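Please read the structure below before turning to the comments.
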Amino acid sequence: MELMIDTEIVALILFAVIFILILVGYPVAFTLAGLSILVGYFLVPDFLDLLPLRIMGTMKNYVLLAVPLFIFMGLMLEKSGLAENLLNTMAILFGKIKGGLAISVVIVGALLAASTGIVGATVITMGLISIPTMLRRNYKPELAAGAIVSSGTLGQIIPPSVVLVLLGSVLNVSVGDLFAAAVVPGLILVVAYIAYIAIYAQLYPESAPAIPDEEIAKFKSEDFGKKVVKAFVLPMLLIIAVLGSIFAGVASPTEAAAVGALGAIILTMSQGQFSMSKLSEVCKETTRLTSMVFMILLGATTFALVFRGLGGDRYLVDLIEQSALSPMMFLFLVMVVVFVAGFFIDFIEIIFIIVPVVTPIFVAMDIDLVWIGILLALNLQTSFLTPPFGFALFYLKGVAPPELKTSMIYRGVIPFLVIQILVLILVVLFPSLIGLS
């Protein structure tokens, strides 16, 4: 019994040491795998026999094929000129409304999120296209920055989201169920962002001016109908093909991802932006990002095997049960840990390190894991926006002109962050929003 207690404590120490080393800056995949193999070799019976079986089981997971396909789709659409066409067209449609350009940014960000599911690509693309335009039209820099980073992070929650695919794999729940459950919270966020911008523009019209009538008239005089069709119909067809096939039960998320990847190529061709050099560039970047994800996944698989082999998961479940912590209090504790961790480490690392450790406890408490998946996705999205370490803020600063100061980005994101937290609380209090009773 004494040995069992010792190994359980070793499991917790291993978790803490790995977490600290990652925060210090050591490579995630190799830190996870290296330390876990070292501890497992000496303390877990039959470790070297079990590890290859566990790794092969992970690599044969059919759902994970969706990850490189969705990444490819997002990167290809980033090169297609889709975002620029969408934004220009949307800006004219909302041009007469004060704050119309910022509202356009949110809607385009949502459409890109539903087309790509990649936060970094969306924020960078929107930043490159939108910030110069908004500043040139005398938008308040804080409002412009806040609208871009908040809409860019919608890719964390609006399907098809790479975050939800990975969460589905780790939580062992249907990715299709997660996608369906994420639709309403994602739409609530979009509507809340738009409502805030509209109210702000009415209160401070000089901070979000309308587009001059003559500019709108000029744009509309040049094949406006054709521009609208080209900007909206093709991306909407892609979104419907990907999400519609999943929700209708026609295709699995992996099959739908393949449809999306092919659709992204066709859409890029229709925009006249396709070339073999561009395809090669997208393939190389997809390979790099996919390799990073799967190296971390293999390291996390090794860690999970060792952690459970040492009895760490049983120890945590017993600890929570003995502390008489209620399910809601434990959920609150996990949400705080994930929120803070999101300041320092990437969402992929959080999903593969923290989530597997707490999942058995949620199962023991009989908490719906689809609900947990949506809450985690919303939480990770919130941490992307939170100063001073939010990743989305760094993405925007990296492509922003010098006149957009870091302090302006921080101030601009605060109202959107408050909205994000309120929506997270809303989903906690009303699980029926994601289809749960």
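The values are calculated or read from the model by the stated rules, or taken from the named source; none is laboratory data. Keep in mind the model is a prediction, meaning the values are calculated, not measured. Glycine also receives a Cβ, built like all others from the backbone with ideal geometry; neighbour counts cover every protein chain displayed.
Within the group 11, 66, which residue is touching a Phe, Trp or Tyr at 6+ places or on another chain (Cβ under 7 Å) and crowded, with 22+ Cβ neighbours inside 10 Å?
11
Any idea which of (1) surrounded by fewer than 20 Cβ atoms within 10 Å (Cβ to Cβ); (2) at pLDDT 80 or above; (3) farther than 30 Å from residue 257 by Cα; (4) touching a helix residue (DSSP H, G or I) at 6+ places or on another chain (Cβ under 9 Å) is the one residue 57 doesn't satisfy?
(3)
May I ask you to list the residues in the stretch 16-39 that are at pLDDT 85 or above and either more than 18 Å from residue 342 (Cα to Cα) or aromatic (Phe, Trp, Tyr) (or both)?
Within the stretch 16-39, 30, 31, 33, 34, 35, 36, 37, 38, 39 meet the criteria.
Conditions (1) among the small types (Gly, Ala, Ser); (2) in a helix (DSSP H, G or I); (3) over 30 Å from residue 227 (Cβ atoms); (4) under 20 Å from the mean Cα position of the chain (by Cα), marked per residue:
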position	(1), (2), (3), (4)
14	no, yes, yes, no
17	no, yes, yes, no
20	no, yes, yes, no
30	no, yes, yes, no
57	yes, yes, yes, no
63	no, yes, yes, yes
68	no, yes, yes, yes
72	no, yes, no, yes
76	no, yes, no, yes
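Which count do you get for residues in the stretch 35-54 that are of a type in the set (Ser, Thr, Tyr) and surrounded by fewer than 19 Cβ atoms within 10 Å (Cβ to Cβ)? Step through it out loud before you land on a result.
Our first condition is that a residue be of a type in the set (Ser, Thr, Tyr); within the stretch 35-54, this holds for 36, 41.
So of that shortlist, the ones also surrounded by fewer than 19 Cβ atoms within 10 Å (Cβ to Cβ) come out as 41.
Total meeting the criteria: 1.
If residue 150 passes every condition in (1) surrounded by 24 or more Cβ atoms within 10 Å (Cβ to Cβ); (2) on the phi > 0 side of the Ramachandran plot but one, which one does it miss?
Here residue 150 meets the rest and fails (2).
Only one of these conditions is not met by residue 416: (1) surrounded by 17 or more Cβ atoms within 10 Å (Cβ to Cβ); (2) more than 16 Å from residue 155 (Cα to Cα); (3) not acidic (Asp, Glu). Which number is it?
(2)
Which helices (runs of 4 or more DSSP H) sit wholly inside the stretch 152-233 and have at least 2 residues that are farther than 19 Å from residue 70 by Cβ? Explain how you work it out, then say what you get.
On the way: elements: 162-171, 175-203, 213-220.
Because the criterion is at least 2 residues that are farther than 19 Å from residue 70 by Cβ, the helices (runs of 4 or more DSSP H) in the stretch 152-233 that meet it are 175-203, 213-220.
Looking at (1) over 17 Å from residue 131 (Cβ atoms); (2) touching a helix residue (DSSP H, G or I) at 6+ places or on another chain (Cβ under 8 Å); (3) in a helix (DSSP H, G or I); (4) of a type in the set (A, V, I, L, M, F, W, C), which is the only condition residue 367 fails?
In the conditions (1) over 17 Å from residue 131 (Cβ atoms); (2) touching a helix residue (DSSP H, G or I) at 6+ places or on another chain (Cβ under 8 Å); (3) in a helix (DSSP H, G or I); (4) of a type in the set (A, V, I, L, M, F, W, C), residue 367 misses (3) alone.
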